[in-house]
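Below is one structure, written out as structure tokens; comments come after it.
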């Protein structure tokens with residue numbers, strides 16, 4: 001399990017040919033497979049000026065005791081599984097579920113696109129410069145039910161040091177919830193601007209996560225929770 005977790009979080013940096021700054025573009029960055037869209041096309045645009053070798057793999061994504069966990073799975077089919085994408089070209093990947101059965105509870109995965117391009121240094125180049133080699137990690141969701149969340153996120157408070165606030169959010173819905181931000185409400189009803197929150201994340205279906213952020217000196221007694229289920233307020237407790 002530890003191997004796959006580190007695989008998700010890391011990227012590699014190599015010394016390579018010097019060249020102007022180019023980009024790799026991937027669209028979409030979130031893959032939703034459902035009863036009406038059983039196959040999703042993922043487009044990988046290689047504007048780096050060099051060829052890139054990509055190998056795909058999939059991981060089952062769960063949240064256990066508030067922590068993200070990943071494990072190997074063959075639930076997803078990605079075509080092509082391995083491919084060389086020339087510089088200045090694009091490549092379409094087809095992503096689908098191996099078994100398109102009914103899913104009343106959203107199933108979550110991570111699609112891992114690994115850059116396996118072998119290192120190459122042109123002997124004619126005396127100053128190879130710096131080349132960044134990135135691995136892409138995209139969320140994939142499969143759900144065939146009707147997404148109709150009822151703003152049923154449960155907010156509670158967890159332990160933190162004296163300068164921080166810890167909020168636990170439980171998602172009892174059958175689909176994921178996106179936490180967009182947490183802020184304190186000022187006496188005039190507006191969010192306080194000096195909250196070093198930077199709070200966002202995904203709470204999977206029937207899961208929970210904790211979020212810690214700095215507590216402002218002039219905090220109020222109300223938190224504003226902004227999520228994909230809607231925005232709502234909760235009394236602040238420390």
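Only one of 233, 210 is in contact (Cβ under 8 Å) with a residue 60 or more places away in the chain and assigned to a strand (DSSP E or B). Can you tell me which? Reasoning before the result, please.
Numbers: 233 fails: in contact (Cβ under 8 Å) with a residue 60 or more places away in the chain.
Result of the check over 233, 210: 210.
State whether one or more residues within segment 14-25 are at pLDDT 95 or above and buried (at least 16 other Cβ atoms within 10 Å of the Cβ).
No.
Just need a number here: residues in segment 37-60 that are buried (at least 19 other Cβ atoms within 10 Å of the Cβ), more than 12 Å from residue 112 (Cα to Cα) and modelled with pLDDT of 95 or more.
The number of residues fulfilling the criteria is 2.
Just to be sure, is residue 175 surrounded by 15 or more Cβ atoms within 10 Å (Cβ to Cβ), modelled with pLDDT of 90 or more and part of a strand (DSSP E or B)?
Working: surrounded by 15 or more Cβ atoms within 10 Å (Cβ to Cβ): yes; modelled with pLDDT of 90 or more: yes; part of a strand (DSSP E or B): no.
When the stated conditions are applied, residue 175 does not pass them.
Taking into account only those residues within segment 93-120 that are exposed (fewer than 12 other Cβ atoms within 10 Å of the Cβ) and touching a strand residue (DSSP E or B) at 6+ places or on another chain (Cβ under 8 Å), which is modelled with the highest pLDDT?
It comes out as 98.
Between 104, 47, which is closer than 30 Å to residue 168 by Cβ and over 17 Å from the mean Cα position of the chain (by Cα)?
On inspection, the qualifying residue turns out to be 104.
Could you list, in sequence order, all residues of segment 211-235 that are surrounded by 17 or more Cβ atoms within 10 Å (Cβ to Cβ) and closer than 17 Å to residue 159 by Cβ?
211, 213, 215, 223 - these are the residues of segment 211-235 that are surrounded by 17 or more Cβ atoms within 10 Å (Cβ to Cβ) and closer than 17 Å to residue 159 by Cβ.
Within segment 45-88, track down each residue that is within 19 Å of residue 208 (Cβ to Cβ), in contact (Cβ under 8 Å) with a residue 40 or more places away in the chain and not in a strand (DSSP E or B).
Within segment 45-88, 66 is the sole residue that qualifies.
The values are calculated or read from the model by the stated rules, or taken from the named source; none is laboratory data. Everything numeric here is computed off the predicted structure, so don't read it as measured data. Counting neighbours? That spans all protein chains shown, and the Cβs are built from the backbone with ideal geometry, glycine included.
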